[in-house]
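Working notes, beginning with the structure itself.
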Amino acid sequence: MSHQLPALKFAYDALEPHIDAKTMEIHHSKHHQAYINNLNGALESLEDLKAMPIEDLLKHFAAVPENLYWTVRNNGGGHYNHTLFWEALSPTGSGKPEGPLASAIDAAFGSFEAFQAALEKAAVGQFGSGWAWLVLNKAGQLAVVGTPNQDNPISDGHTPLLGVDVWEHAYYLHYQNRRADYVKAWWSVVDWNVVAARYSAAKF
Ligand code: MN3
């Protein structure tokens, strides 16, 4: 069973004006598809790893032969990161979390606004290409982390709850060099129901 491009739950233009239709189309149908194609190609000869769910594969890079290691790590991460990213986007973003996740964010960061500042700092400060994440860390606490390239917190033992893609391909058509403006706009299309469900699944 090879990895497949997940369908989006909204149209490419549904996140306008925060994320433009052309960026969404290229990002999903070209960039994400390319990670999947490269991953499937690399796994072709690796019977054991081919059958693994992507979450498990990201925890088992040590099992990948050296000649395919970086292809699997970069493209496996790329596939998983983008799947998480699309799932947590919505044209009707709820603005901020509610319930147990909201309480946990307040407890961990002081306030929702302080959490936003921490995530924005990680996103804008990520040198080159990468991601910024809200995770449940190995100690079971909420934390903000950054990952370079297509690495994912899951490979470090954390559970990713929300991630923002800060590769230039995620924003350059509309925002050019203004990564901070893109990250601020992205908050408007975060689906907090999805993030809360991930938190509940990881925590309880
Ligand atoms: Mn991307």
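Descriptive notes on the structure:
- At 0.890 mPa s and 25 °C, Stokes diffusion of region 111-201 via Kirkwood alpha-carbon radius, µm² per second: 183
- Extent along principal axes [Cα atoms of the chain; Å; largest to smallest]: 48, 40, 30
- Per principal axis, descending, Cα span of region 17-73 in whole Å: 43, 19, 18
- Calculated FRET value between residue 87 and residue 201, using beta carbons and R₀ = 22 Å, to 0.05: 0.95
- For GluC sites (Glu not before Pro), the sites in region 1-54 that DSSP calls loop and that have at most 12 other Cβ atoms within 10 Å are 44.
- Translational D in µm²/s for region 1-109 (Stokes-Einstein at 25 °C, 0.890 mPa s, Kirkwood Rh from C-alpha pairs): 155
- Cα pair distances in region 105-153, grouped into 10 Å bins until the bin that holds the longest one, percent each: 29, 51, 20, 0
- Sequence-distant lysines (8 or more away, or on other chains) whose Cα lies within less than 25 Å of residue 121: 96, 138, 184
- Each Lys and Arg adds +1 at its Cβ and each Asp and Glu adds -1 at its Cβ; summed about the Cα centre, the chain shows a dipole of about 240 debye.
- Taking N as its residue count, the alpha carbon Rg of region 48-118 over 2.2 N^0.38 Å: 1.57
- Loop-located trypsin sites (Lys or Arg not before Pro) across region 136-185 with a Cβ neighbour count of 15 or fewer within 10 Å are 138, 178, with loop assigned by DSSP.
FYI, it's all coordinate maths here, none of it is from the lab. For clarity, every value in this text was computed on a predicted model and none was experimentally measured. Quick reminder, even Gly has a Cβ in these numbers, built from the backbone with ideal geometry, and neighbours come from all protein chains shown.
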